[in-house]
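Colleague: Quick one: structure below, then a few questions.
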Amino acid sequence: MQKTIGYAAHDNKSPLEPFSFERREPLPTDIQIEILFCGVCHSDVHQVRNEWGNAAFPMVPGHEIVGKVTRIGNAVTAFKIGDSVGVGCLVDSCKVCPDCNDHQEQFCNSAVFTYNSPDKHSGGTNYGGYSKQIVVDQDFVLHVSDKLDLAAVAPLLCAGITTYSPLRHWNVGKGDKVGIVGLGGLGHMAIKFAHAFGAHVVLFTTSPGKTEDAKRLGADEVVISKNPEEMEKHLASFDFILNTVAAPHNLDAFTALLKRDGTLCLVGLPDQPHPSPSIGNLIFKRRTIAGSLIGGLKETQEMLDFCAENAITSDIEIIPIQQVNEAFDRMVKSDVKYRFVIDLASLQQTEA
Ligand code: NAP
Ligand code: ZN
């Protein structure tokens, strides 16, 4: 085992603080990564505050990891020391079930998430990317292009793939009218991808102040979702709506905007249920409410390659790790433009 350092929550009420812990020595198929940047996802807030009811403490969050390879096991073939790499929400799966065989490891019943998941190596709970280094099986490490700003790549590992995957699954492209609900970390990546795929993109926001940014990011129209007259203009006109909101709200306002056979896909995972949706809204136009979970490793690499080819990254605010608790509070108030990314070099101050 090797000692390392990060920031951890010790219960669901206290701020994150410096934390020393151990990582395993690299096994033959493992990669050891010096973490340069880690994005701050709303899922980190949900889990640290135990809003999903599954928190194990101490918890080192972080699943939007970008760094450099510093050590490799002797059976590693696809990576070498010095490579720029990424790790997202997954660090292991069974590798043999139908979901794994279909490159949909996120749905494997034995999927191991990057933190707050049982760790077969230590017998305890694993620790995430708000830390100096991480050791991960090579099958769960992604190649990252050095053409892109590595700090702005970090959010692609969760916010990027979580929006890219459903837009691809529902074949969003030219000629489609697509809605994105919520302009935060996921929402801003969803606008960029839907725009890049050629769709007509409409952002639904509760924050009128975000209108100009939404247009700059690629939205063709912006609708203030609290304004019923503005919503009414779009009744029964959308092919697909991707809802990224992190709080319970009335879904009927959005299902009513779908065309016949349209889909409202939920990716936001609030701590409390949404009010039960109107069944009439669904059956009279054969509309669907669906869900989607991150994406598999193959598709995550495809998304990273697409971003490198099309110069797509996240719009970020870089923070030292000492400011992570303020970043959590600002994110909960929808005050984020549009992803906080921790510069892990700041951990040196903690070690000094
Ligand atoms: P975020 O940056 O906080 O963005 C969420 C946005 O939702 C806010 O910026 C805000 O946008 C809108 N919003 C927040 N509260 C609202 C309310 N009460 N009513 C209406 N709109 C509200 O969060 P994120 O990191 O993008 O994550 C969003 C959600 O997705 C979280 O629940 C997270 O856990 C979940 N998630 C799911 C997956 C998955 O695989 N399915 C992966 C990652 C994250 P406006 O200001 O524009 O209204
Ligand atoms: Zn996330």
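The values are calculated or read from the model by the stated rules, or taken from the named source; none is laboratory data. Bear in mind the structure is a predicted one, so any value in this text is a computation, not a measurement. Here the Cβ is made from the backbone with ideal geometry for all residues, glycine too, and neighbour counts use every protein chain on show. These area figures cover heavy atoms from the full protein model, side chains too; ligands, DNA and RNA do not enter into them. Shrake-Rupley method; radii C 1.70, N 1.55, O 1.52, S 1.80 Å.
A quick yes/no check of all residues on (1) more than 16 Å from ligand 2 (Cβ to nearest atom); (2) aromatic (Phe, Trp, Tyr):
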{"site": "166", "(1), (2)": "no, no"}
{"site": "191", "(1), (2)": "yes, no"}
{"site": "201", "(1), (2)": "yes, no"}
{"site": "206", "(1), (2)": "yes, no"}
{"site": "210", "(1), (2)": "yes, no"}
{"site": "213", "(1), (2)": "yes, no"}
{"site": "254", "(1), (2)": "yes, yes"}
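Colleague: Confirm whether residue 113 is open to solvent by 40 Å² or more (accessible area, probe 1.4 Å), closer than 29 Å to residue 81 by Cα, out of contact with any Gly (no Cβ under 7 Å at 6 or more places or on another chain) and within 15 Å of ligand 1 (Cβ to nearest atom). Before you say what the answer is, go through the steps one by one.
Modeller: On the way: open to solvent by 40 Å² or more (accessible area, probe 1.4 Å): yes; closer than 29 Å to residue 81 by Cα: yes; out of contact with any Gly (no Cβ under 7 Å at 6 or more places or on another chain): yes; within 15 Å of ligand 1 (Cβ to nearest atom): yes.
Spelling it out, residue 113 is indeed open to solvent by 40 Å² or more (accessible area, probe 1.4 Å), closer than 29 Å to residue 81 by Cα, out of contact with any Gly (no Cβ under 7 Å at 6 or more places or on another chain) and within 15 Å of ligand 1 (Cβ to nearest atom).
Colleague: Anything in the range 36-66 that is more than 14 Å from ligand 1 (Cβ to nearest atom), hydrophobic (A, V, I, L, M, F, W, C) and open to solvent by 10 Å² or more (accessible area, probe 1.4 Å)? List them, or say none.
Modeller: Of everything in the range 36-66, those that are more than 14 Å from ligand 1 (Cβ to nearest atom), hydrophobic (A, V, I, L, M, F, W, C) and open to solvent by 10 Å² or more (accessible area, probe 1.4 Å) turn out to be 36, 37, 56, 57.
Colleague: How many of the residues in the range 318-352 are assigned to a helix (DSSP H, G or I) and of a type in the set (A, V, I, L, M, F, W, C)? Break it down into steps so the answer makes sense when it comes.
Modeller: Initially, the range 318-352 is screened for residues assigned to a helix (DSSP H, G or I), giving 321-332, 344-351.
When the remaining residues are screened for being of a type in the set (A, V, I, L, M, F, W, C), the result is 321, 324, 327-328, 331-332, 344-345, 347.
The qualifying residues number 9.
Colleague: Give me the residue from the range 286-295 that is open to solvent by less than 60 Å² (accessible area, probe 1.4 Å) and within 12 Å of ligand 1 (Cβ to nearest atom) and, out of that set, farthest from the chain's Cα centre (by Cα).
Modeller: Within the range 286-295, the match that is farthest from the chain's Cα centre (by Cα) is 290.
Colleague: Does the range 232-244 include one or more residues that are closer than 26 Å to residue 42 by Cα, touching a Pro at 6+ places or on another chain (Cβ under 7 Å) and within 16 Å of ligand 2 (Cβ to nearest atom)?
Modeller: Filtering the range 232-244 down to residues closer than 26 Å to residue 42 by Cα leaves 240-244.
Narrowing further to those that are touching a Pro at 6+ places or on another chain (Cβ under 7 Å): 242.
Cutting the leftovers down to within 16 Å of ligand 2 (Cβ to nearest atom) gives us 242.
Within the range 232-244, one or more residues are closer than 26 Å to residue 42 by Cα, touching a Pro at 6+ places or on another chain (Cβ under 7 Å) and within 16 Å of ligand 2 (Cβ to nearest atom).
Colleague: Would you check which residues across the range 296-312 are outside any helix (DSSP H, G or I) and more than 16 Å from ligand 1 (Cβ to nearest atom) and list them?
Modeller: Of all residues in the range 296-312, those outside any helix (DSSP H, G or I) come to 296, 311-312.
Scanning the range 296-312 gives 311, 312.
Colleague: Something else now. Looking at 316, 283, can you tell me which residue is touching a residue at least 40 places away in the same chain (Cβ under 8 Å) and either over 30 Å from residue 17 (Cβ atoms) or open to solvent by 20 Å² or more (accessible area, probe 1.4 Å) (or both)?
Modeller: Only one candidate passes the filter, namely 316.
Colleague: Still on this structure, please answer the following. Need the failing condition index for residue 349 against (1) open to solvent by 10 Å² or more (accessible area, probe 1.4 Å); (2) within 20 Å of residue 16 (Cα to Cα); (3) touching a residue at least 60 places away in the same chain (Cβ under 8 Å), just the number.
Modeller: For residue 349, the exception is condition (3).
Colleague: I've got another one for you. Could you tell me which numbered condition residue 146 fails, if it satisfies all but one of (1) crowded, with 19+ Cβ neighbours inside 10 Å; (2) in contact (Cβ under 8 Å) with a residue 60 or more places away in the chain?
Modeller: Only one criterion in (1) crowded, with 19+ Cβ neighbours inside 10 Å; (2) in contact (Cβ under 8 Å) with a residue 60 or more places away in the chain is unmet by residue 146, namely (1).
Colleague: Still on this structure, I have one more. Among residues belonging to the range 14-23 that are outside any strand (DSSP E or B) and touching a residue at least 24 places away in the same chain (Cβ under 8 Å), point out the one that is nearest to the chain's Cα centre (by Cα). So that I can check it myself, show each step before the final result.
Modeller: Initially, the range 14-23 is screened for residues outside any strand (DSSP E or B), giving 14-16.
Narrowing the set further to residues that are touching a residue at least 24 places away in the same chain (Cβ under 8 Å) leaves 15-16.
Working: 15: 22, 16: 20 Å.
Filtering the range 14-23 for residues that are outside any strand (DSSP E or B) and touching a residue at least 24 places away in the same chain (Cβ under 8 Å), the one nearest to the chain's Cα centre (by Cα) comes out as 16.
Colleague: Scan the range 71-97 for residues that are over 20 Å from residue 298 (Cα atoms) and crowded, with 16+ Cβ neighbours inside 10 Å and jot them down.
Modeller: Going residue by residue through the range 71-97, those that are over 20 Å from residue 298 (Cα atoms) are 71-75, 81-82.
71, 72, 73, listed by residue number.
Colleague: Another question about this same structure. With the structure loaded, tell me whether residue 316 is on the phi > 0 side of the Ramachandran plot and either within 16 Å of ligand 1 (Cβ to nearest atom) or modelled with pLDDT under 95 (or both) or whether it fails that test. Let's see the steps before the verdict.
Modeller: Working: on the phi > 0 side of the Ramachandran plot: no; either within 16 Å of ligand 1 (Cβ to nearest atom) or modelled with pLDDT under 95 (or both): yes.
When the stated conditions are applied, residue 316 does not pass them.
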